[in-house]
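A short write-up of the structure that comes next.
The values are calculated or read from the model by the stated rules, or taken from the named source; none is laboratory data. On a predicted model such as this, the values are computed, not experimentally measured, just so you know. Here the Cβ is made from the backbone with ideal geometry for all residues, glycine too, and neighbour counts use every protein chain on show.
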Amino acid sequence: MTSLSASRLTVALLVLCISLSQAVASAQGKAKTTLEQITQIPTADGKQQPIRVFVPELEKKEAVPLLVFLHSWSGNYKQSNMKWVMQAQERNWAVVLPNFQGPNFQPTACGSELAQQEILDALDYMMSTYHIDSSRIYLAGASGGGHMSMLMAAKHSSRFSAVSAWVGITDLNAWHEFHTRGEKPTGYALNIEASCGGKPGDSDEVDAQYVARSPLFHLGNTGDLPLDIAAGIHDGHTGSVPVSHSLNAFNVIASSRNEPTIPEQLIQEIVETEEVSADVSVFDSGSDSNENYPRKIHLRRTAGPARVTIFEGGHEGLAAAAIEWLAQQQRETKSDE
């Protein structure tokens, strides 16, 4: 064989190897390909709700888990949230991002009954359109999405297999006060007033709206729903939602189960100092202290299938940790109401 022929053979073999590698990569990519689409679905008020949908393209038509991910306080269905979508993609889950009336600047948003129904509508659309595993329907969100995730967990617990809520607002009255400077409401406080119809104390009707839209007053109804509540210890200092919202939410759940609650003195200490005293146990007896969590855990408490985690961080959601925990939860669901 001449050197020229050998050279041509080497090149041919190299091209063949590259082609095979590309084919393998393409096949592997196809197994994880997720098709994104934006669609409009009917709403309870006779209008249309826009939603974003990601559905894995699988060789076998197997039932897949579903992640319902909720946008933040000032966002809508267009909000990227791709770190959450990508975590679900890696597990070949379907994902839907509802609009649920968009930013919390109006009465029809911010935990209203219509906003709740639009999340259920998006869930029902996914169930009727795609092959979804009804025992693995997950709900998650951060900040305003954490607020709405906890409200849905409290009011529609039977529709979900598990819920993960990060740095969420649980008491609109307390959050309004936090964002009021003297007598002047600012930013988020003004948003709450626009949603609830006024300031706290303006009228019985307004006060009723604050209660109806605040998860804190309803979380005793979560039953046996696995609920993961988490907050960064510096939130409220470097972020907009004090960690007391998450800790108080856990206490409501714990009280409903006759489980130990977190002392108010400890909650105030964490809020004020951004620390947990060295003499306070990080984990309670029901916690798994050996799991692979991506941040330092300052405090974790459990009550049945619910838990609260205060981690090293600020106003943020840890998508990988949330999806990992959700993936471990599975149960049969029942129709709601």
Could you count how many residues in the stretch 200-218 are farther than 23 Å from MET150 by Cβ and either not acidic (Asp, Glu) or not in a loop (DSSP other than H, G, I, E, B) (or both)? 4
Residue within the stretch 275-288 that is crowded, with 21+ Cβ neighbours inside 10 Å and either part of a loop (DSSP other than H, G, I, E, B) or within 17 Å of the chain's Cα centre (by Cα) (or both) present: no
Filter the stretch 296-330 down to residues that are of a type in the set (Lys, Arg) and in contact (Cβ under 8 Å) with a residue 60 or more places away in the chain, then give me how many there are. 1
Scan the stretch 136-175 residue by residue and report those that are in contact with a helix residue (DSSP H, G or I) (Cβ under 9 Å, 6 or more places away or on another chain) and assigned to a loop (DSSP other than H, G, I, E, B). HIS156, PHE160, SER161, VAL167, GLY168, ILE169, THR170, ASP171
Given the criteria farther than 15 Å from LEU326 by Cβ and either crowded, with 24+ Cβ neighbours inside 10 Å or among the small types (Gly, Ala, Ser) (or both), does PHE100 qualify? yes
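The rows are residues; the columns are (1) in a helix (DSSP H, G or I); (2) among the charged types (D, E, K, R); (3) in contact with a strand residue (DSSP E or B) (Cβ under 8 Å, 6 or more places away or on another chain); (4) within 21 Å of ALA208 (Cβ to Cβ).
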position	(1), (2), (3), (4)
TRP84	yes, no, yes, no
ARG91	no, yes, yes, no
VAL95	no, no, yes, no
ASN99	no, no, yes, no
GLY111	no, no, no, yes
LEU114	yes, no, no, yes
LEU120	yes, no, no, no
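Condition test on LYS61, is it assigned by TED's automatic domain parsing to the domain that holds HIS218, at pLDDT 95 or above, farther than 21 Å from MET150 by Cβ and outside any helix (DSSP H, G or I)?
Values: assigned by TED's automatic domain parsing to the domain that holds HIS218: yes; at pLDDT 95 or above: no; farther than 21 Å from MET150 by Cβ: yes; outside any helix (DSSP H, G or I): yes.
Against the criterion (assigned by TED's automatic domain parsing to the domain that holds HIS218, at pLDDT 95 or above, farther than 21 Å from MET150 by Cβ and outside any helix (DSSP H, G or I)), LYS61 does not qualify.
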ILE297 vs (1) touching a helix residue (DSSP H, G or I) at 6+ places or on another chain (Cβ under 7 Å); (2) crowded, with 17+ Cβ neighbours inside 10 Å: all pass except (1)
Considering each of SER164, SER244, SER195 in turn, give the residue that is in contact (Cβ under 8 Å) with a residue 40 or more places away in the chain and farther than 28 Å from ALA321 by Cβ. SER195
Residues satisfying the stated conditions in the stretch 235-274, i.e. among the acidic types (Asp, Glu) and over 22 Å from the mean Cα position of the chain (by Cα): GLU259, GLU264, GLU269, GLU272, GLU274
Got a number for residues in the stretch 289-307 being in a strand (DSSP E or B) and either in contact with a strand residue (DSSP E or B) (Cβ under 6 Å, 6 or more places away or on another chain) or of a type in the set (D, E, K, R) (or both)? 7
